[in-house]
Structure formats: C-alpha cells, structure tokens
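Have a look at the structure below, then the notes.
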Amino acid sequence: MRKRLLNNLGQLILNIFKILFPVSVITFIIYFIIENFKVGIISNYFDMHYLLLIALVSGFFLLMFNHKKNSYLPYKKLLSIILTLLIIFISFQYLQNIEKMRYFISLLIGLATYIIINLYPSKYD
C-alpha cells in the first residue's frame, strides 16, 4: 500500500510539473519581451528569476523522472533544448563580472547540460 501511495504521489508531482513547465517558460518569454520594450514595468514588481528557477526545476524533473513510454516525452529533444537555453541564459546573466569569458563559459555550461540530459541512460527510451 505504501509503494502504491508513493507511486501515485510521484505521478501527481510529475503531472504538476507537466503543467508548470510550459506555463513558466511561456510566461517568462512574454515577461521578458514586455520588459525589453519598457524597462521596469515587470521587474519593479516581480523577479523573473523565479520563473526561470521554476522552469529549470520542473524541466529537470520531467526529463529525469518521467519514464512512461506514451507520455509527455516525445518532446524530450525540444524540452532538453529549452532547458539548455534557459541554463545558458541564467549563466550568462550571472557571469557579468567575468566580462568576455562569460560568453565562452555560458556556452560550455549549455553544451555540458545538453550532453548530460541527452546521455542520461534510460531503459524506457
């Protein structure tokens, strides 16, 4: 009974992440575009890094723990690309003190993330 309860709880969490990932990514993109048109209209009231963090965590859990054959992961390549781009953006944003090296380091982090996500051994793929 305990195993079935944990399995159901895990499926519930994955279902929440299936909804949370696209919503947070789309919201972040819309907020980012609005913020570039008029600086401060979003960032004065809301920190967009929270949306990035939610997207990264939910995308990571979707990629690593969703192992059903006919599930959400036909889009695994697209999901891994979006997650990699978000990680590149975050690393580029926070490495501003390094100046020119941040371009190289951000791309290296993105490449490493993409390789780790796509080389994750899964017997269900």
The correct count of residues that are open to solvent by less than 80 Å² (accessible area, probe 1.4 Å), at pLDDT below 85 and of a type in the set (A, V, I, L, M) in the range 35-50 is 1
So, of the residues in the range 1-33 that are under 24 Å from I88 (Cα atoms) and open to solvent by 70 Å² or more (accessible area, probe 1.4 Å), which turns out to be farthest from the chain's Cα centre (by Cα)? I33
Could you give me the residue pairs with C-beta distances under 6 Å whose first residue belongs to the range 1-29 and is closer than 10 Å to G59 by Cα and aromatic (F, W, Y), whose second residue is part of a helix (DSSP H, G or I) and open to solvent by 40 Å² or more (accessible area, probe 1.4 Å) wherever it lies, and which are 6+ apart or on separate chains? F17/F61
Could you grab me the full set of residues in the range 93-108 that are modelled with pLDDT under 80 and surrounded by 10 or more Cβ atoms within 10 Å (Cβ to Cβ)? Q93, Y94, L95, I98, R102
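The values are calculated or read from the model by the stated rules, or taken from the named source; none is laboratory data. None of the values given here were measured: they were computed from a predicted structure. We place every Cβ from the backbone using ideal geometry, glycine too, and count neighbours over all the protein chains shown. The accessibility values were calculated without ligands, DNA or RNA, using every heavy atom of the protein model including side chains. Shrake-Rupley method; radii C 1.70, N 1.55, O 1.52, S 1.80 Å.
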